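A short worksheet on the structure shown next.
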Amino acid sequence: MTDGLVVAALVAAVLIGVGAAAFLVMRSPAFWADAGRQLAAALLPKIISILSKRMDPETEAKWRDCQRRGGKWNPRTRKCE
């Protein structure tokens, strides 16, 4: 019974130590700057590819026609309102 309590106490101490270390690291502005830079580097190419994707020619022709007539284009339904 006491061996189980010792193991549980050691596991709890290790988890508390790791949590405290993570807390101290996350308080640093350099951590957040680096984390933000890495997150932006990972997500930016995907975001750019989504935003710069062109419409197919038929949809683009419908969009231009809608604008020429003064309508409002709905990108979800891909129809002129």
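Calculate how steeply helix 29-51 sits against the longest principal axis of the alpha-carbon atoms of the chain, using the helix alpha-carbon long axis, and give the answer as 0 to 90 degrees to the nearest 10. Taking Cα atoms only, the helix is inclined about 30 degrees. For the pair M55 and V25, the difference between a 0.36 nm per residue extended length and the Cα-Cα distance amounts to 6.3 nm. The angle between the Cα long axis of helix 57-69 and the longest principal axis of the Cα atoms of the chain comes to about 60 degrees, rounded to the nearest 10. Axis of helix 2-26 versus longest Cα principal axis of the chain: the two differ by about 50°, to the nearest ten degrees. Residues in the range 23-81 average 92 Å² of solvent-accessible surface per residue, probe 1.4 Å, ligands and nucleic acids excluded. Each residue of the range 71-81 is assigned a 3J(HN,Hα), and the resulting list reads x, 10, 7, 9, x, 6, 8, 6, 9, 8, 10 Hz, derived from the Karplus form 6.51 cos²θ - 1.76 cosθ + 1.60 (θ = phi - 60°), x at Gly and Pro. Note on A13 and K46: with the Förster distance fixed at 41 Å, the Cβ-Cβ geometry gives a FRET efficiency of about 0.50.
The spread of Cα positions in the range 18-81, taken along each principal axis and listed from longest to shortest, comes to 62, 19, 17 Å. With all protein chains in place and a 1.4 Å probe, the accessible surface of the range 22-81 carries 62 percent carbon and sulfur.
The values are calculated or read from the model by the stated rules, or taken from the named source; none is laboratory data. As the structure is a computational prediction, the values presented were derived from the model and not from experiment. In this analysis, Cβ positions are derived from the backbone assuming ideal geometry, glycine residues included, and neighbour counts consider all displayed protein chains. Please note that ligands, DNA and RNA were not included when accessible areas were found on the heavy atoms of the full protein model with its side chains. Shrake-Rupley method; radii C 1.70, N 1.55, O 1.52, S 1.80 Å.
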